[in-house]
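Reading through the structure tokens given below for one structure.
We did not get these values from a lab; they are worked out from the coordinates using the rules stated. What you see is a predicted model; the values in this text were computed from it and never measured. Ideal geometry is used to build each Cβ from the backbone, glycine not excepted, and the neighbour counts take in all protein chains shown.
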Amino acid sequence: MRLFKLNTSVHKWLSLFVGLQLLIWLGTGLYFNLMDHSKASGNELRVHSHHEGSITGFDLFPIKDIISEAPQEVNLIWVLHQPYYHLVFDKGQHSYQVRDSLLFDAVTGKLFNLSEEQVLTLAKNSYSGQGKLTTPVLSQPPFSDHVRQQNPMWQVAVEDENNTTIYLDSITGQVLRHANDDFRLKDLMMKLHFMDYGNSGGFNHWLIIAFAFATLFLSITGVTWLIQQYRSGLLKLGWGTNRQKVAVTFSNENTITDISAVGSSTVLEELASSHVYLSSSCGGGGTCGKCMFLSSTQLPITLSEQEHLSQEQLKEGYRLGCQHRFSEISSIEVNTDRNIENHELVVVATNFITPFIKEVKFKVKSGKQLAFKAGAYMQFDVPAGMNSLRPENMPENYEKYWESYSHGRFSHDGVTRHYSLVNFDEESDELTFNIRWQTAKDGFRAGIGSSYLGSLQVGETITAKGPFSDFYATSNKKVSRVFIGAGSGLAPLRSIIFEQLKKHKDKSGLTLIYGARTEDDLLYHNELKSLSEKHKNFSYIPTLSNPSEQWQGHSGYVQQVLLPYLSQKMALFPIEFYLCGPEAMMSEVEKIITDAGIPSNQIFKDKFSR
Ligand SMILES: Cc1cc2nc3c(=O)[nH]c(=O)nc-3n(C[C@H](O)[C@H](O)[C@H](O)COP(=O)(O)OP(=O)(O)OC[C@H]3O[C@@H](n4cnc5c(N)ncnc54)[C@H](O)[C@@H]3O)c2cc1C
Ligand code: FES
């Protein structure tokens, strides 16, 4: 699996590298097609003149009397109508390679060096524009306008619109190049086209070789990925779009419905198109692990499923709806309600009830009363926009908790987020949620969903799907129930406890061990206290990790309170545990109770993390 993950990420990075260069090729190729070739050559204002003359009338000096060392090459050349011997002692295969040569007056036999004036005249003779030529400068390589040139050159800048520069051979005065802005643009395009980012002046360099290998690896990793997709069932080869019928069992209601769909999309998408919504907070990205279903057919296991489902769940046949095509399944079981709907909710009240938690109450705009099992949650569509890093208004006594958090706003994409209902359905016609404002950590933005919902004002609306019920009390009447929660994790536990006591008139033992930091952080403290006073079968055990001196209850984390409690109550079998809160707390508590011998089918968890 690790190898496959590596293969996929190597493929993605290579595609980025190869893709970027391909785009550059496309862009520069288009430029070469559309450019004006005569302008881009830099020679639009260049005049080609040949300094040739007749040696008749010149009494040439014998070469052998000039120098004793035999040159590799002797040329008689003309500079401003005068004959000169150009003696070349050493030179490479190409004219731009290092050359060792001297110029001698062919009449006097004296060593000759070009003067600035002569260079200026030669440059002027090669230029037909109106620009003013400046004083020549003898320059050493490297030259940005002639990257390959390894010999010194005279450089004459021209004051014209196109920033022309004339380059002449430092010994012979031969005009080697006219460079101007059009030429430089073409040169830049050449560099990009040939990946000549190291200025080698050609295309035979290591980067091109590396690129060729990268392209080869891109193909290999691509083919490997395709094979992997095919083997895991995510890639199907087939023709046509046959409709396919799948029997869907709703485990919540014990009902079966046939759903038929074309089958080319994922289980998640096809079910949604038939208004059967699996839970999802990543929109089908395979990162939340919430879109679970139970398949009757053996399906391959994808990387995402390895990551999000336990070995036990995989063995039982649980898979993720966004990871398999509808065409792969024949009958499935889903733990969601039929006819989950989208609702427009309108805010009817919003208040801070602890320093970081807001109680937000909604009504369904259409007036519809929603029926749901206590412990349910809804999936909110948070639109893209700008949110505040911290609340604009809060009760004065909570301001001290927010002092270290900065003001400001941040922009974000649209997201979906889940929030649990605090009340049970018959308790009120309102839908109550506890939203814990996820604060901005150093250098990061605040939580998108929590800051959006936490900022909603009375009268504002938001759309939400649900309620989804996959965490609820069993119908077992001969069982004691222990609820363990912390922070905003109290929400579904409160809902279940109230439903058990008020709706189902449950007479069995119910215990809530609830952890918070300080007295201020305790949610619904007075309400839970009076509930426990009214219902003798309900015990409320709050515990604080950072209590004030006045606190008379338990201190420490829920785990510390649970241990001695467990040893007293183990005799009360059967006993069911309902956990909701931060992930670390939940896994520690789960370990304690499984170590105490509680089987996993008596432990129910509501994971808030995605
Ligand atoms: C079934 C279910 C029920 C739930 N019920 C509740 C509930 O009743 N109440 C409740 O409050 N929550 C509940 N949650 C959790 C809730 O859905 C959200 O996950 C939670 O509010 C955080 O979402 P957010 O959009 O506010 O934060 P996100 O935008 O997801 O950010 C999370 C945190 O990451 C930080 N962060 C931002 N950028 C970066 C970065 N680049 N690197 C590192 N960190 C960064 C943010 O500051 C923030 O603290 C529930 C979740 C599930 C699955
Ligand atoms: S929707 Fe499938 S993992 Fe999130």
Checklist line | Entries in LYS373/LYS534; LYS503/LYS534; LYS536/LYS591; LYS373/LYS465; LYS245/LYS465; LYS365/LYS503 that, when Cα-Cα distance is taken, lie over 19 Å | finding: LYS373/LYS534; LYS536/LYS591; LYS245/LYS465; LYS365/LYS503
Next item on the list: Give, in whole angstrom and from largest to smallest, the semi-axes √(5λ) of the equivalent ellipsoid of region 244-334, with λ running over the eigenvalues of the Cα gyration tensor.
Entry: 19, 14, 12
Notebook entry, point to check: For the pair LYS529 and GLU549, what calculated FRET efficiency results from E = 1/(1 + (r/R0)^6), where r is the Cβ-Cβ distance and R0 = 22 Å, to the nearest 0.05?
Noted result: 0.65
Margin query: Take LEU370 and LYS132, extend 7 Å from each Cα along the Cα→Cβ direction, and tell me the distance between the two endpoints in nm.
Written below: 8.0 nm
Item checked: Kyte-Doolittle mean at least -1.0, axial Cα span of 27 Å or more - DSSP H helices of the chain -> 2-34, 206-231
Next item on the list: Bin width 5 Å, alpha-carbon pairs only: give the P(r) of region 383-444 as whole percents, running from 0 to the bin holding the largest distance.
Entry: 3, 12, 18, 21, 17, 16, 9, 4, 1
Item checked: DSSP bridge pairs, the chain: antiparallel proportion in percent, nearest 5 -> 70 percent
Next item on the list: Pairs of Cα atoms under 8 Å, at least six residues apart: use those to get the relative contact order of region 244-334, whole percent.
Entry: 38 percent
Notebook entry, point to check: So what is the calculated 222 nm ellipticity per residue for the chain, using -39500 (n - 2.57) for each DSSP H run with n of 4 or more, over all residues, to the nearest 500 deg cm²/dmol?
Noted result: -8000 deg cm²/dmol
Check: Within region 1-50, which trypsin sites (Lys or Arg not before Pro) sit in a loop by DSSP and count at most 14 neighbouring Cβ atoms inside 10 Å?
Finding: none
Next item on the list: Go through 485-491, 401-407, 101-107 and give me the packing order, highest mean Cβ count within 10 Å leading.
Entry: 485-491, 101-107, 401-407
Check: If contacts are Cα pairs under 8 angstrom and at least 6 residues apart, what is the relative contact order of region 432-577 in percent?
Finding: 22 percent
Note to self: Output wanted: per-residue J couplings in Hz (rounded whole) for region 327-332, from phi through Karplus 6.51 cos²θ - 1.76 cosθ + 1.60, θ = phi - 60°, x for Gly and Pro.
What the structure shows: 5, 7, 10, 10, 8, 9
Notebook entry, point to check: Where the eigenvalues come from the Cα gyration tensor of region 342-468, what are the semi-axes √(5λ) of the equivalent ellipsoid, largest first, in whole Å?
Noted result: 26, 16, 12
Checklist line | Column: log10 I(q)/I(0), Debye, Cα scatterers of region 63-179, q = 0.12, 0.23 Å⁻¹ | finding: -0.46, -1.32
Next item on the list: Starting from 0 in steps of 5 Å, tell me what percent of the Cα-Cα pairs of region 9-125 lands in each bin.
Entry: 2, 9, 12, 12, 13, 11, 7, 6, 7, 6, 6, 5, 3, 1, 1, 0
Checklist line | Space enclosed by the convex hull of the alpha-carbon atoms of the chain, per residue, Å³ | finding: 274 Å³
Check: Using a ≥ b ≥ c from the Cα gyration tensor of region 61-124 (square roots of the eigenvalues), is it rounded, prolate or oblate, where a/c under 1.5 gives rounded and otherwise the larger of a/b and b/c decides, a/b for prolate?
Finding: oblate
Note to self: Under 8 Å for C-alpha pairs, at least 6 residues apart: give me the relative contact order for the chain, rounded to a whole percent.
What the structure shows: 9 percent
Checklist line | TYR230 versus ASP100: modelled label distance in nm, points set 7 Å from Cα along the beta carbon direction | finding: 6.4 nm
Checklist line | Sparse-neighbourhood loop sites, GluC sites (Glu not before Pro) in region 504-562 - DSSP loop, at most 11 other Cβ within 10 angstrom | finding: GLU549
Note to self: Need one number: nm distance between label points at THR463 and GLU73, each 7 Å from Cα along Cα→Cβ, rounded to one decimal.
What the structure shows: 7.8 nm
Note to self: Need the list of aspartates and glutamates near LYS191 for cross-linking: C-alpha distance under 19 angstrom, and skip anything on the same chain fewer than eight residues off.
What the structure shows: ASP36, ASP145, ASP181, ASP182
Notebook entry, point to check: Rounded to two decimals, what ratio of Rg to Rh does region 525-610 give with C-alpha atoms and a Kirkwood Rh?
Noted result: 0.97
